[in-house]
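S.K.: Structure incoming, see below.
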């Protein structure tokens, strides 16, 4: 199979008239979600579990098997029984989340650029599979997409040759920086597809491409925080996702791809809005309940710790809340456990502290092991 060389951006012959209803609905749902984000007192705490969930789902599209429960338990020190493959998956997921958090901080000072993309790619591949595949550098060899172990002749898709990557990515960046394109969501759809078609890195292209979606929305001021996660929809519709991308390279079907992407935004925005509302409502419900159960000045900070890490060990709670006295913390946790507001997830042994969980949050963020 010969490498596919895409046309330069932007694509021609977009049927804007037929896109208008989808564009309008996508912007409306996104604006509704952003309005909710702005109303949250501390979205970085309340929506922290959703960041991890996004990292899990985006990595799962690429073949990882670790679940959200696996990640939460590992971060609470409960990874002894997990096999090496799951541990490697967990590190990839943690890298994805770290890259997203660092990228948000970077966008306070700069805009998305090729150097920015290379920087987050380097974080993504740190100490995981692919770390020997030129992290932070565009590829200098031919790659292809197919079943594991397939040859280039058996590939489903062969991206452009390596000597074309730099100029194609420079064109991608030029289109990214275009502020007068007719619609930013359509612009994002085009950028995402072109990135995956170019496949500029030796590894991690899918994850970087999906990670760039909320960062683009934030950078273009369509969101006040880069907290819009589409991997749930794309993972659920994985075959369609790949088919529509392939339709661009095989039949120049940009229109069909853009329609798919706009529908994905609409659907995911609705899901994200409902879930964020539920998380916020739960937080507001639990705040007075934690205070009543503990009669402690630390009640809210402990609640924040559980929203930040829904499975958490006592030592981490101590660090997150800045409570200086472990006896004080243990007494508070005992009261919360007795009232059923939190659950003892695993009894500590020796120097290993107790691990606790917040069951009511589990029902919202789709975890299973600590309900």
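We did not get these values from a lab; they are worked out from the coordinates using the rules stated. Note that this is a predicted model, so its numbers are computed, not measured. So basically every Cβ, Gly included, is an ideal-geometry build from the backbone, and we count neighbours across all protein chains shown.
S.K.: For the chain, set up a GNM with springs between Cα atoms under 10 Å and report which of 87, 126, 292 has the largest fluctuation.
M.R.: 292
S.K.: If you don't mind, there's one more thing I want to ask. With springs only between Cα atoms under 10 Å, which of 301, 58, 67 fluctuates most in a Gaussian network model of the chain?
M.R.: 301
S.K.: OK, next. Using only Cα atoms and rounding to the nearest 10 degrees, what angle (0 to 90) does helix 254-294 make with the longest principal axis of the chain?
M.R.: Between helix and principal axis, roughly 10 degrees.
S.K.: Running a GNM on the chain with Cα contacts under 10 Å, which residue among 11, 200, 160 ends up with the highest mean-square fluctuation?
M.R.: Of 11, 200, 160, the Gaussian network model singles out 11 as fluctuating most.
S.K.: Please give the contour-minus-distance gain from residue 119 to residue 83: 0.36 nm per residue of separation, less the Cα-Cα distance, rounded to one decimal in nm. Write down the numbers at each step before the final one.
M.R.: Values: separation 36, 0.36 × 36 = 12.96 nm, distance 3.00 nm.
Fully extending the segment from residue 119 to residue 83 adds 10.0 nm.
S.K.: Next question, about the same structure. Would you calculate a helix-derived [θ] at 222 nm for the chain, using -39,500 (n - 2.57) for each DSSP H run of n ≥ 4 and dividing by the full residue count, to the nearest 500?
M.R.: Computed ellipticity for the chain at 222 nm equals -20000 deg cm²/dmol.
S.K.: Regarding segment 169-208, what is the average projected area of its C-alpha convex hull, in nm²? Each step should come with its number before you reach the end.
M.R.: Details: hull surface 11.3 nm².
Taking a quarter of the hull surface, the average projection is 2.8 nm².
S.K.: With percent of Cα pairs over 27 Å apart defined as stated, name the option among (1) 57; (2) 43; (3) 51 computed from the structure displayed.
M.R.: This structure yields the entry labelled (3).
S.K.: Angle between the Cα long axis of helix 299-308 and the longest principal axis of the chain, 0 to 90 degrees, nearest 10?
M.R.: With rounding to tens, the tilt is 30 degrees.
S.K.: Shifting gears a bit: Calculate the spin-label point distance for residue 295 paired with residue 220, positioning each point 7 Å from the Cα along the beta-carbon direction, and give it in nanometres.
M.R.: 5.5 nm
S.K.: Roughly what angle does helix 84-106 make with the longest principal axis of the chain, taking Cα atoms, 0 to 90 degrees, to the nearest 10?
M.R.: For 84-106 against the chain, the angle is about 80 degrees.
S.K.: Sticking with this structure for a sec: Based only on other Cβ atoms within 10 Å, what is the fewest-to-most ordering of 312, 300?
M.R.: On the way: 312 27, 300 17.
Going from sparsest to densest Cβ surroundings: 300, 312.
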